[in-house]
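K.L.:
Next up is a structure, given as structure tokens.
The values are calculated or read from the model by the stated rules, or taken from the named source; none is laboratory data. It should be emphasised that the depicted structure is a prediction, and the values quoted were computed from it without experimental measurement. Ideal geometry is used to build each Cβ from the backbone, glycine not excepted, and the neighbour counts take in all protein chains shown. Ligands, DNA and RNA are stripped out before the accessible areas are found, and what is left, the full protein with its side chains, is counted by its heavy atoms. Shrake-Rupley method; radii C 1.70, N 1.55, O 1.52, S 1.80 Å.
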Amino acid sequence: MERLHRQEPCKLTERVLQFGEGNFLRGFVDWMFDKLNKENNGDFGVVVVQPINAGPVVDFLNEQDGLYDLYLRGLIDGEKVEETRVVECITRGINPYTDTDAFFECALNPDLRYIVSNTTEAGIEYKPGQTDGDFDNNTFPGRLTMFLKKRFDAGLPGFVLLPCELIDKNGAVLKDCILKYAADFGYGDEFIKWINEENVFTSTLVDRIVTGYPRDTAKQMEEEYGHLDNVINTAEIFHLWVIEGDKSLAKELPFTDIGINVVWTDDVTPYKKRKVRILNGAHTMSVLAARLAGLESVGEMMNDADFMAYMNKGLFEEIIPVLDLPKDELEYFANAVIERFKNPFIKHLLLSIALNSVSKYKVRVLPSLLEYNEKFGKLPEVLTFGLAALIEFYKGEEANDDADVMEFMKGASVAEVLANTSLWDTDLSFMEPTVSAYVADIEANGMREALKKVI
């Protein structure tokens, strides 16, 4: 078989600079630009820049003329849906550590309009003492500041920046880092004015499970596709990109016109809250109880009638009633989450989700519990039972958390756990009678029998 390659030269205009060549952006943003090109007569060429000095993906992409196979699979309305496409929007990849000039030359391209990034949560950071011109030892925002200075010096307009790193207000944080580096590098007031006035820093929320290179089935897939591909990518069907920015950008990037689930908004916060409380919260309120009941994966949990009843009650009767988006939007999202959890193509182990469950419960579940208690004057049964399951789980050998947290949880009473404000940022002692009763029931009758009493 031949390697995947273009049949004719790429004619796309390079309008997007993408920091990140990994599975996520290729299974999310690049898929969207590819759909715009093919389904909406778009002309979005993507230049991929390797953000760290490691990994062969850029070389693999260049060997394949920027092409790769993307395999999407999941459930829609209970039916299995699969989609395979060759993504063709990437024009080339640049390793800036070996070809720094090619990277900075992109700043001089007047057609370049958008900058996308996914450099991990640690990528957007400011470190004092960085040196202008020191590409190798600078941070991502530091390198980007140098890139923007090249653009400014050329008298060209600024960019729309679409960071995808999983931090709150990622656009605002990135802009703050760039302004600090601009001051450190002595770039002057006119450059800072240009940053503020000529560039749009959006904050975004991204949501899609991208499972990456299918090691177990890659050879079989290559046989089916009829070509070799070193960077096959796989992902779920579900996708959501919430972009906080000027809604006029929706005309430039008409994702919604072709049915892509992009939300343009003035405030990404409610959507972040929805994701944390519903998607992440559903995991955290459920997986420890499921593991104590002897289950191994999310799929197994979702095919268990008792745990489905538990999940539905927690989501629709306890979490959604305290959130501030329209009820129909919340219920739609919750039903989508349930389908994602049921995805037969993804095996998500309960123990991998159980990592650091104390801090996860504090962020993902406890706010819903406290708001429910304040709103309705009583404790929500499922969310409270989830805390009892957590306490019981940490008494066993499968808990995986900071050593001091595990040591404390293993030896503490329920009352001591609830009163520990360093764990929860508040005193939960008022819950002690209910939580203690749940823990006693779990220990006396087993997880499944105890759980049946709250569903």
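K.L.:
Check the range 118-138 and report whether any residue there is outside any loop (DSSP other than H, G, I, E, B) and buried (at least 23 other Cβ atoms within 10 Å of the Cβ).
P.N.:
no
K.L.:
Scan the range 210-221 residue by residue and report those that are hydrophobic (A, V, I, L, M, F, W, C) and either in a helix (DSSP H, G or I) or open to solvent by 60 Å² or more (accessible area, probe 1.4 Å) (or both).
P.N.:
Passing the criteria: Ala218, Met221.
K.L.:
Only residues that are under 17 Å from Asp69 (Cα atoms), touching a residue at least 60 places away in the same chain (Cβ under 8 Å), out of contact with any Gly (no Cβ under 9 Å at 6 or more places or on another chain) and open to solvent by 20 Å² or more (accessible area, probe 1.4 Å): list them for the range 1-55, please.
P.N.:
Within the range 1-55, Arg3, His5 meet the criteria.
K.L.:
In the range 56-72, how many residues are among the hydrophobic types (A, V, I, L, M, F, W, C), open to solvent by 10 Å² or more (accessible area, probe 1.4 Å) and within 21 Å of the chain's Cα centre (by Cα)? Spell out how you get there, then give the answer.
P.N.:
First, pick out the residues of the range 56-72 that are among the hydrophobic types (A, V, I, L, M, F, W, C): 57-58, 60-61, 67, 70, 72.
Restricting the remaining residues to those that are open to solvent by 10 Å² or more (accessible area, probe 1.4 Å) gives 57, 60.
Cutting the leftovers down to within 21 Å of the chain's Cα centre (by Cα) gives us 57.
Qualifying residue count, the range 56-72: 1.
K.L.:
Also, quick follow-up: Could you say whether any residue in the range 356-373 is open to solvent by 60 Å² or more (accessible area, probe 1.4 Å) and over 27 Å from the mean Cα position of the chain (by Cα)?
P.N.:
no
K.L.:
OK, next. Do we find that Ala419 is among the aliphatic types (A, V, I, L, M) and either out of contact with any Ser or Thr (no Cβ under 6 Å at 6 or more places or on another chain) or open to solvent by 50 Å² or more (accessible area, probe 1.4 Å) (or both) in this structure?
P.N.:
No.
K.L.:
OK, next. Exactly one of these conditions fails for Tyr68: (1) closer than 28 Å to Gln7 by Cα; (2) without any contact (Cβ under 8 Å) to a residue 24 or more places away in the chain. Give me its number.
P.N.:
(2)
K.L.:
Hey, could you check the range 235-249 for residues that are among the charged types (D, E, K, R) and not in a loop (DSSP other than H, G, I, E, B) and say which is least open to solvent (accessible area, probe 1.4 Å)? Please lay out each step first, then the result.
P.N.:
Keep residues of the range 235-249 that are among the charged types (D, E, K, R), which gives 236, 244, 246-247.
Among the residues that remain, those that are also not in a loop (DSSP other than H, G, I, E, B) are: 236, 244.
Numbers: Glu236: 3, Glu244: 36 Å².
Selected residue: Glu236.
K.L.:
Now a separate question. Read through the list (1) open to solvent by less than 30 Å² (accessible area, probe 1.4 Å); (2) β-branched (Val, Ile, Thr); (3) without any contact (Cβ under 8 Å) to a residue 12 or more places away in the chain, then give the number of the only condition that Ile232 fails.
P.N.:
Every condition holds for Ile232 apart from (3).
K.L.:
Hey, can you tell me all the residues within the range 250-293 that are touching a residue at least 60 places away in the same chain (Cβ under 8 Å), more than 19 Å from Asp207 (Cα to Cα) and open to solvent by 50 Å² or more (accessible area, probe 1.4 Å)?
P.N.:
Glu252, Asp257, Arg291, Leu292
K.L.:
Something else: Only one residue in Val405, Val417 is on the phi < 0 side of the Ramachandran plot, of a type in the set (Val, Ile, Thr), free of Cβ contacts under 8 Å to residues at least 40 places away in the same chain and part of a helix (DSSP H, G or I). Which one?
P.N.:
On the way: Val405 fails: free of Cβ contacts under 8 Å to residues at least 40 places away in the same chain.
Exactly one residue qualifies, and that residue is Val417.
K.L.:
Which pairs do you get when a residue that is over 15 Å from Pro141 (Cβ atoms) and at pLDDT below 95, found in the range 157-171, comes within reach of a residue that is in a loop (DSSP other than H, G, I, E, B) and open to solvent by 10 Å² or more (accessible area, probe 1.4 Å), reach meaning Cβ atoms under 8 angstrom, with the pair 6+ apart or on two chains?
P.N.:
Leu166/Glu121
K.L.:
Could you count how many residues in the range 151-175 are over 29 Å from His239 (Cβ atoms), surrounded by fewer than 16 Cβ atoms within 10 Å (Cβ to Cβ) and charged (D, E, K, R)?
P.N.:
1
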